[in-house]
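Working notes, structure below.
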Amino acid sequence: MRIANLISGAVLVLFGLVMLALVIPAQIEEGPAGMMSPRLVPQMMVWLILGLSLLLIVTNLRASSGEAGPFTRDEVIAFLRIGGVFGLSLVLFFALGVLAASLALILGALLVLGERRPLVLVLMPLGLIGAAYVLFTHVLGTVFL
């Protein structure tokens, strides 16, 4: 991970220098006299990118090389579970419609994240789906067939 951070920091420094030296002057005209230059905000943002990328390089040069992998086993399992919940919701959306998919998405995410209180498992989907219904029908005036 340390090498990847060093490489990405170097690429971002190169990107920032190219933007400051070539792209911004070639693509953005100078403003008229007495007016703030249109180049100012893009240059400020590129300087911010340059500063943060240099900070990334410096912190990774000073870091020790004895690091663990980027993800633990539990994080990978949680990622796969949430991905499975989204996949199930997508299948239910095409097979049964929006209501089944949204119910599966909300309940599945709550269960995967460790929620076990029955009141929360009942009221959270009802509240979110009900609020979305009120938003679309009464506030935005959408007509459902």
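The values are calculated or read from the model by the stated rules, or taken from the named source; none is laboratory data. Model, not experiment: these values are computed from the prediction. Virtual Cβ from ideal backbone geometry, glycine too; neighbours counted across all protein chains shown.
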Q: Find the residue count for the range 3-49, including only residues that are within 22 Å of the chain's Cα centre (by Cα) and of a type in the set (Lys, Arg).
A: 0
Q: Evaluate the range 37-46: report whether one residue or more is surrounded by 13 or more Cβ atoms within 10 Å (Cβ to Cβ) and assigned by TED's automatic domain parsing to the domain that holds residue 115.
A: no
Q. Which of (1) in a helix (DSSP H, G or I); (2) surrounded by 12 or more Cβ atoms within 10 Å (Cβ to Cβ) does residue 31 not meet, given it meets every other one?
A. (1)
Q: State all residues of the range 78-109 that are among the β-branched types (Val, Ile, Thr) and farther than 15 Å from residue 130 by Cα; if no residue qualifies, say none.
A: 82, 85, 91
Q) Among 94, 79, 86, which is closer than 30 Å to residue 120 by Cβ and touching a residue at least 12 places away in the same chain (Cβ under 8 Å)? A) 86
